[in-house]
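What follows draws every value from the coordinates through simple rules; no lab data is involved. What you see is a predicted model; the values in this text were computed from it and never measured. Neighbour counts are summed over all protein chains in view; Cβ atoms, including those assigned to glycine, are modelled from backbone coordinates with ideal geometry.
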Amino acid sequence: MRAESRPIPYRCPHIQASVVDLNAERIAAWNDPDLSKLPFYEPGLAALVDRARGRSLHFSTEVDAAIAAADMVSLSVNTPTKTKGVGAGQASDLRWIEASARQVAACAQGHTIVVEKSTLPVRTAEVVQTILSAAQAADGKTFAVLSNPEFLAEGTAIADLEAPDRVLIGGVDPVAIEALVAIYGQWVPAERILRTNLWSSELSKLTANAFLAQRISSINSIAALCEATGADVQEVARAIGTDSRLGSKFLKAGPVFGGSCFQKDILNLVYLCGHYGLHEVAAYWQQVVVLNTWQQHLIARLVVNRLFGTVTGKRIAVLGFAFKADTNDTRETPAIRICRDLLEEGAQLAIFDPKVGVEQIAADLGVEALVGSEGEVVWQPAADPCAAVCGADAVLLLTEWQQFRQLDWPTLAAEMRQPAWLFDARAVADAAAARAAGLRVWVVGEGEGR
Ligand code: UDX
């Protein structure tokens, strides 16, 4: 059953939770009576907010007051990759964590449990602890720091929250640990709540993401080999996934991994390894990112190659811009690099995504105007797949939205300029129907196949 259609159980009505942010516009969106205005799209989220908002869940810009009133403060600020200074391009920028810790140190009253939820480099808890200790010494306040990394994946976040594989709580203070265990214990079975030391908890998050990302780079590397040899990566994935030691998940070849976590966390790991002089280990993980970038360029090159070596002035319909289905998040989405490469080659793009807005696509592509300096169309948003493919030489499918599995290929093919191509970088379209409708078809990890 999809998360949206399920009733959301009310797990902790006895706990008052305040989500506070300095960004007033964002908080206003969280408080908007129109639930379609929530700051981001996530299946099941609107129903959950609707049910708890104003009762046990509150959104506010009163950061200091919320900290003062809290028994437990969860730090969930962003930790982007540093763009300058030491560790630029790899290390996480911890300025928001540090600022939040300072604010908690200043405003907390009595004893406060501080929970790190942001994904952080290992030993960041030490930074938070040091800042809090200074306040402790000065004002007689007391703090306990816990690490409780988030393993939710976008698109399935509510379902993941309801039934997590595990909850990880790192810390040294047993009373603080049990206080957090008691909250999760309202709905998570005891054996799924793991207690570790602080550093293990922090490193586990980076490692989980690095292993998942590595699996995707691994299967994408094999997809390239399958295309070269005539093997079919979906068959290979199915065959190896039945090995219980390997498991069947995260074996879908595609246009590479995107999202806010994988690349950032691997780069963090690389930086960490380098810092500790483990250069071979750093190089090993760096290669996962190298392969990811290579694959993105590969897809754009393949499109150009199949369209007789040039896409200048040709129209290409791009279906899907989000980094995965069921989210409107475009952070690190492969669509950005692929579209930029095609624009660089002179293609005109018509882009359709069911949830990503035109402003976001413009910001990501760095092309404000839809029309180029000489009046030509550079890229334009399309209202639906049919509008996108109208007059196009090719369709490039980049996100596995459910609706792309059911596209009506005879109707779409009739709108395209022949000979026309379908490039399915997610292997979700009905390739047989597209071929029957007269399209040439390339599928990731399968090539032009059967
Ligand atoms: C990830 C982790 O899964 C989650 O535990 C962590 O808390 C945050 O980072 P998320 O980035 O939301 O979650 O999405 P995920 O489902 O992991 O997908 C990441 C990327 O890998 C997407 O671009 C997706 O399309 C791609 N992917 C995933 C594949 O290409 N093939 C697969 O088989 C699975």
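In loop segments of the range 236-285 as defined by DSSP, the trypsin sites (Lys or Arg not before Pro) with at most 14 further C-beta atoms inside 10 Å of their C-beta are R245, K249. Most simply put, the chain has about 10% antiparallel DSSP beta bridges, counting only bridges with both residues inside it. Over the chain, dividing the summed -39,500 (n - 2.57) contributions of all DSSP H runs of at least 4 residues by the number of residues returns a 222 nm mean residue ellipticity of -13000 deg cm²/dmol. Which one of L45, I240, T79 is farthest out on the positive end of the charge dipole of the chain, using unit charges on Cβ (Lys, Arg +1; Asp, Glu -1) and the Cα centre as origin? Ranked along the dipole, the leading option is I240.
Placing +1 on each Lys and Arg Cβ and -1 on each Asp and Glu Cβ, with no other charges, gives the chain a dipole about its Cα centre of roughly 620 debye.
Database remark: amide H of A108 closer than 5 angstrom to no amide H (H placed geometrically; neighbours at sequence offset of 5 or more, or on other chains; Pro and chain starts carry no H). Shown here is the pair-distance distribution of the range 291-448: with all Cα-Cα distances grouped in 5 Å bins from zero up to the longest one, the shares run 2, 10, 21, 25, 23, 14, 5, 1, 0 percent. Here the range 169-214 has an Rg and Dmax of 12.2, 37 Å, counting Cα atoms alone. Taking the fewest neighbouring Cβ atoms within 10 Å as the starting point, the ordered list for K37, K205, K84 is K84, K37, K205. Computed about its Cα centre, the charge dipole of the range 291-448 is approximately 360 debye, with only Lys, Arg, Asp and Glu carrying charge at their Cβ. Relative to one another, the C-alpha centroids of the range 302-317 and the range 434-450 are positioned 16 Å apart.
With 22 Å as the limit on Cα-Cα distance, the pairs of K117/K249; K82/K117; K37/K252; K324/K355 that go past it are K117/K249; K37/K252.
Seen through its C-alpha gyration tensor, with square-root eigenvalues sorted a ≥ b ≥ c, the range 1-110 comes out oblate because a/c lies at 1.5 or above while a/b is not bigger than b/c.
Candidates I316, S100, Y284 compared by Cα position along the dipole of the chain: farthest toward the positive end lies Y284, with charges placed on Cβ. Based on the Stokes-Einstein relation at 25 °C and a viscosity of 0.890 mPa s, and on the Kirkwood radius from alpha carbon pairs, the range 221-344 is assigned a translational diffusion coefficient of 148 µm²/s.
Cβ crowding within 10 Å, taken as a proxy for footprinting-reagent exposure, orders T293, T124, T81 from fewest neighbours to most as T293, T81, T124.
Residues considered: H275, H14, H111. Largest GNM mean-square fluctuation over the chain, using C-alpha springs under 10 Å, is found at H14. For the range 49-119, the C-alpha radius of gyration divided by 2.2 N^0.38 Å, with N the number of residues, is 1.34.
For the chain, the membrane-span-like helix rule (DSSP H, alpha carbon extent of at least 20 Å along the helix axis, mean Kyte-Doolittle at least -0.5) picks out 124-139, 198-229, 279-306; this says nothing about an actual membrane.
Among V389, W294, Q402, whose Cα sits farthest toward the positive end of the charge dipole of the range 291-448 (+1 at Cβ of Lys/Arg, -1 at Cβ of Asp/Glu, about the Cα centre)? After comparing all options, I get W294.
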